[in-house]
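Below is one structure; the comments refer to it alone.
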Amino acid sequence: MEIIIDDIHVDLDLPKDDVTLQTVVEETEDYLFSVGKVAISLTYNDKKITESELTKLLKGTAKKSDKLQFSVLSINNYVLNHLEAVVPANENLKKRLLTFSEEILSSSRPTERKELVSEFTQFFDFWLNFQKLFPEETSKVKFGTYSFEDYFASLQKMLKEIVEAMEKNDFVLAADLIQYEVVIMLNELSPTVEKLKELVEKKEADAINDQNESQVETQAEGTEET
């Protein structure tokens, strides 16, 4: 089986005949992560695979004649791409929260309750994973007066209080918490994202410099040997 990571070819000997493509893909992704990279697209036997096709494909058995080609980014650049989308997504989230609070006060049925719950779940998952990947960088920033950990702990506590208020039909309290607590806290996010982008960009630049220096040293050693 042939695996191509960018332009590097790797021949993989399948240990048995019933290995699934999912196992091969997951092990390749684990390897990439261990060297600071993440797969962003997959080509299977010279055909680019969509998300819907991938789910079905991964259930199949890997063949010796198969060719998997991964396009990759460094983890730093991958996260930077996502950080670019955080600020506009945060602004949209604030607008939707304000609309939600107005619907509560007008006694109409909120239209986006499930969607907002799902969005906040993704929100917290993203930042939890970010902290795991960049513990040093997150320790250097503040969300207003909050540390990284305190900011998200306080936000989670506030959301829990909103849910409890709504369960008690205290819609005035729920709306107040959204408008004067949660939205205000989300205002602290955008400036901090810009600072985090600077720190991750520096980390990526340092990694490239280290890689270049390592290559120069390797070339110098090779020249000395000859």
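Figures for the structure shown
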{"quantity": "Residue list for region 163-180, filter: out of contact with any Ser or Thr (no Cβ under 9 Å at 6 or more places or on another chain) and within 17 Å of LEU116 (Cβ to Cβ)", "calculated": "VAL163, GLU164, ALA165, MET166, GLU167"}
{"quantity": "Selection status of VAL172, part of a helix (DSSP H, G or I), aliphatic (A, V, I, L, M) and surrounded by 14 or more Cβ atoms within 10 Å (Cβ to Cβ)", "calculated": "no"}
{"quantity": "Subset of region 164-189 [closer than 22 Å to PHE123 by Cα and modelled with pLDDT under 90]", "calculated": "MET166"}
{"quantity": "From the options LYS197, LYS140, residue that is in the same structural domain as ASN92 (by TED's automatic domain parsing), outside any helix (DSSP H, G or I) and touching a residue at least 12 places away in the same chain (Cβ under 8 Å)", "calculated": "LYS140"}
{"quantity": "Wholly enclosed strands (runs of 3 or more DSSP E) of region 3-111 bearing at least 2 residues at pLDDT 85 or above and polar (S, T, N, Q)", "calculated": "37-44, 67-74"}
{"quantity": "Some residue of region 141-161 being loosely packed, with under 15 Cβ neighbours inside 10 Å and closer than 17 Å to LEU83 by Cα", "calculated": "yes"}
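The values are calculated or read from the model by the stated rules, or taken from the named source; none is laboratory data. As the structure is a computational prediction, the values presented were derived from the model and not from experiment. A quick note on method: Cβ atoms are made from the backbone with ideal geometry, for glycine too, and the neighbour counts reach across all protein chains shown.
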